[in-house]
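One structure is given below, encoded as structure tokens.
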Amino acid sequence: MQRIVPNILWASFLAAIAAEGCFFAWFDPDELLNLTTQRDRLAAYTLGFFFLWLFCAISGGLAFMLNLPGRRDTLARPESTESTERTER
């Protein structure tokens, strides 16, 4: 687990960089929020990045948790043909 969390955070960081670039290429914070100063605009970019990073990290964490081995693997596998042949005899 110690290696999983940094991997999820690093991958989500890279995904947030790409998502922020795409989002703010189409939408200007000035037009969305009617910002008055350059400092407000920088704050909008910063908050947008951290929101996207959090969203990507939650998504990556949930994907990891859903792929953990557990009882669902044994329930989803069909029985082997050998075990069905033994029960028919």
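The values are calculated or read from the model by the stated rules, or taken from the named source; none is laboratory data. It should be emphasised that the depicted structure is a prediction, and the values quoted were computed from it without experimental measurement. All Cβ positions, even for glycine, are placed from backbone atoms using ideal geometry, and neighbour counts span all protein chains on display.
Considering each of A76, A16 in turn, give the residue that is modelled with pLDDT under 90 and among the small types (G, A, S).
One residue alone meets the criteria, A76.
How do the pairs read when you match residues in region 50-71 that are without any contact (Cβ under 8 Å) to a residue 60 or more places away in the chain and closer than 17 Å to C22 by Cα with residues anywhere that are among the aliphatic types (A, V, I, L, M) and surrounded by 10 or more Cβ atoms within 10 Å (Cβ to Cβ), using Cβ under 6 Å and keeping only pairs 6 or more apart or on different chains?
Correct list of pairs: L52/A16; L52/A19; W53/A16; C56/A15; C56/A16.
What number of residues within region 1-48 are part of a loop (DSSP other than H, G, I, E, B), among the hydroxyl-bearing types (S, T, Y) and touching a helix residue (DSSP H, G or I) at 6+ places or on another chain (Cβ under 6 Å)?
Total satisfying the criteria: 0.
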